[in-house]
Every structure is written in structure tokens, then in C-alpha cells.
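None of the figures in this text is laboratory data; all of them are computed from the coordinates on show. Since the model is a prediction, treat every value here as computed from it, not as a measurement. Note that each Cβ is placed from the backbone with ideal geometry, even for glycine, and that neighbours are counted across all protein chains shown.
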Amino acid sequence: MTTSKNPYEEDIDFAQLALQDADFAKVLKANGQLDFSNPESVKELTKALLKKDFELQLELPDDRLCPPVYPAPSPSLLLDTTSQAFSDNFEPERQVLGLDIGTGASCIYPLLGCSQRPKWRFAGTDIDDKSLRFARQNIQINGLKNRIKLYQSKPDGPLLPLDSLGFENIDFSMCNPPFYESQAEMLTSAASKQRPPFTACTGSESEMVTPGGEVAFVSRMIEESIVLQDRVQWYSSMLGKFSSLGTIVEILREKGVSNYAVTEFVQGSKTRRWGLAWSFEDLRPRMDVARGTGTLQKALLPFPSEYVVVLNTPSISTAQQALNSVLSRLPLKWIWKASISTGVGFSEKAVWSRAARRQAVKSEKVETDEDTEMAFGFKIHVEKDTEQAGVQTTVRWLKGQDTVIFESFCGMLKRKMEDVLK
């Protein structure tokens, strides 16, 4: 989970897995194929993958969902690229608390998160007694009782019960909500498929059906998040229907939420799901994380958080000097590290604008109070352009809510660097 690589993007080698797991070998056909219509086969596949790749043991009842294995929790990269350290990397010592809404009998996402990140803790909620009993058993057999807390929620209660859990703040919430509005819709969907379903469905009604379907469920989460605001750094949910994604993005935009991220999850070549996360804080995720899919139309994607300037010079050192010269003259906080060709800067406002310069001249003073809240943050990296005989300067938006300030800064930087290099 320290990288974005999904080990299950390619088809799984069942024959090799059978050599490593005797229980899985028992359900594998003689021709090396797996019967995905058989719930027992699907269950043994999940258990074998968790054991091989994550050293996790799992016990599941026959009448609850057997989850597919994703290299889990999806908010991990969001948190890595929106930390106060601005490192854009996994921070092993960072204490993280997450909430899994509807954790299910497997409790799979808290188990995966804790197995891969030793400083992470979780709370898991569910409305179903039986699922919670098995979740407690899975926590116990994996020795994670001190890091995962379970809570039985109510169908008409809050989806994000922070107060009942005793949490003032958490780092993220995640959810894989029920897809369908009713049993009738679920049965109609299954009957309309032209081929058998890819995997057997063993889910209970509470796991598969909710009034209004997943759009209504996630809309409830959004309404609660409007109240909670930054008590949760990142709210997130998986979506089972592509049609739901556009609806939820539009709801977020109507609520004035501009800091969000979308991605696509792929398991093998047949199963696709979509992920959506949003935040009321002003720390911006890296662009490949916020726009983590190349298959969606641009209208669904958040505002780009990177801007690239290609400079017509063959010398990296010349470009570095020009960049440092331009930014060192501005009344902002700027730290340049030539050894890694990277700099980080912060400003309380658009200090490069004409209005800001006139105000500075009039007051004969530039605000440098260390306690001043920085409204805009950025990181700049300089490297050789591999496609052209020049130097590429990438501006990464780290912090801020105002897209106009980011665009204004990038435009100013491009003009001034080009002027210096003439």
C-alpha cells in the first residue's frame, strides 16, 4: 500500500496460487479454471490471496458478501499526498485513524490497512449482528484487537457516528455501499445480463439493497459531511455503477465542494468499480491521485493540480537559477533545494499580482508574520524534457481553495522565466 500498483490488474495465475494454498487447490478445476458461480470457490480465492499477499487469515459465513481483494484502503494515496509534511510520500510514523462504514463480516479493509501500515487504526461500523460477530472473529485471529474498534450502527442513525465512537477528528472515512434500491432492481439487473455473473453473489439484503440505492446512500454521507466539515480530512466511497459517479460529482459541485478525487478500480479484466473522495480542507492531492483514471470524460474530473512549463534551454542549471531568481524576489515563503531540483513555496495571497504590488509599495511593508495562514502552497520540480530539447518545470498545487490564484501564479511564473531566459 505504499505505492499505487494494483497486484490484481492482470489475471491471477490460479495454477501457481494452487501450488501455494492447498484449500484453494481443492476448488480449482482440473483444467486450471475457477468456477466463479460457486460461492465456495470465490471464498477460497479471496482467502488464498489474503494469505499469500497480505499474511491475513479470514473466516466468512456462507450468507454474507465475500469481498474482492483490492490493494486497499483507497484513501492511502490521498493521505500520502495531502499531509502537513508535503512530502507526497508514505510517512511510516504518521498516526492515521480511518472509519470503514459497513465493514461487513470480513472487515477486510481495516485488516488490509492495519497489515500494511503499522501506525494506522480503524473503526468499523455495521448494522448487522452476524456480520459484526464474524468481523470480531477476524480481528481476533489476526491479532488486531487493539487497532480496530467495531460499532453497531442503526439503519436510521448517522453513517459517520464520530461522537458515538468518541472521535473528535479522523483522517478518512471509506465505504462500499449497497448498489441497489430494492430486491426487484437487483433481480432485474441479474436477469438482464447476457452472461452469467462474474462472481457468485452471497450478500445479505442489508449488504446489497438500500432505499434509493448507492446514490441516496452516498448523498446521505455528503449531507453529514457538510455538517462535520474538516472533522474528517477525506470522505470516500466506492461506487458500483458508473452512472452513479456523474450524479454524485454534480451533487458535490452543487454543495461547493471543489477539492475531490476520482479513480477507477480494476480486478482482472471483468470487474470495474469507481472511487470518489472529497475534502473540506485545502490540501490538494497529487494530480495522478485526484484524477486517477484515464477512462473518464474530463467533465467529471477535478480541476488539474499540476501545470507544466517547457523552457527553451538545454541547461537545467540555467533553468534552476532562473526559477530561484524569479521566486526569491517575491514576498512569499520560498525554499529551494538545488540538489533535488525542487522547491516549495507558500503565500497568504497573490503577492505577484499588480494589486498586491501596489499595496506593498503603499504600505512600505510586506506581511511576514509566521502565524499568518497561508492560502496558497506549491511545489516546483525542474527536469530535462525527454521529448523536446528543453527543460520541463512542473508546478504542483499543494494547498489552497482558489483555482484563480493557482492559474495566476502559473501564468506569472511562465512569463517571468521566459523573460529571464531570453
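Scanning residues 5 or more positions from residue 83 or on other chains, those with amide H under 5 Å from its amide H are 88, with H placed 1.01 Å from N in the peptide plane.
Projecting the Cα atoms of 226, 296, 18 onto the charge dipole of segment 14-300 (Cβ charges, centred on the Cα centre) puts 18 farthest toward the positive pole. Label sites at residue 386 and residue 13, each approximated as a point 7 angstrom past Cα along Cα to Cβ, lie 2.7 nm apart.
Within the straight-line cut-off of under 24 Å between alpha carbons, the lysines reachable from residue 29 are 43, 47, 51, 52, 270, sequence neighbours fewer than 8 places apart in one chain being disregarded.
Taking other Cβ within 10 Å of each residue's Cβ, how do 132, 78, 162 sort, fewest first?
162, 132, 78
What's the magnitude of the charge dipole for segment 73-171 around its Cα centre, counting Lys and Arg as +1 and Asp and Glu as -1 at the beta-carbon? Answer in Debye, nearest 20. Provide the component values of the computation, followed by the final result.
Numbers: 11 positive and 12 negative charges, 99 e Å.
Here the size comes out at about 480 debye.
Placing pseudo-labels 7 Å out from each Cα toward the beta carbon at residue 30 and residue 223 gives an inter-label distance of 5.8 nm. Between residue 91 and residue 156, the contour length at 0.36 nm per residue exceeds the alpha carbon distance by 19.7 nm. Couplings for segment 237-252, taken from phi via the Karplus curve 6.51 cos²θ - 1.76 cosθ + 1.60 with θ = phi - 60°, read 8, 8, 10, x, 10, 4, 4, 6, 4, x, 5, 5, 4, 5, 4, 4 Hz in order; Gly and Pro are left as x. Look at 103, 46, 293 and count the other Cβ atoms within 10 Å of each Cβ; fewest to most, that gives 293, 46, 103. Extension gain, residue 165 to residue 401: 0.36 nm times the residue separation minus the Cα-Cα distance gives 81.9 nm.
Given the peptides 336-344, 35-43, arrange them by the average over their residues of other C-beta atoms within 10 Å, most packed first.
In descending order of packing, they fall as 35-43, 336-344.
Simple point charges give the picture: +1 on the Cβ of Lys and Arg, -1 on the Cβ of Asp and Glu, and for segment 14-300 a dipole about the Cα centre of about 580 debye. Taking amide H as placed 1.01 Å from N in the peptide plane, residue 376 has its amide H under 5 Å from the amide H of 347, each at least 5 places away in sequence or on another chain. Here the calculated FRET efficiency for residue 230 and residue 59, from their Cβ-Cβ distance with R0 = 60 Å, stands at 0.95, rounded to the nearest 0.05.
For segment 8-118, the residue among 31, 97, 86 whose Cα projects farthest onto the positive side of the dipole built from Cβ charges is 97. Compared with the direct C-alpha span, the chain from residue 338 to residue 300 gains 10.0 nm at full extension, assuming 0.36 nm per residue.
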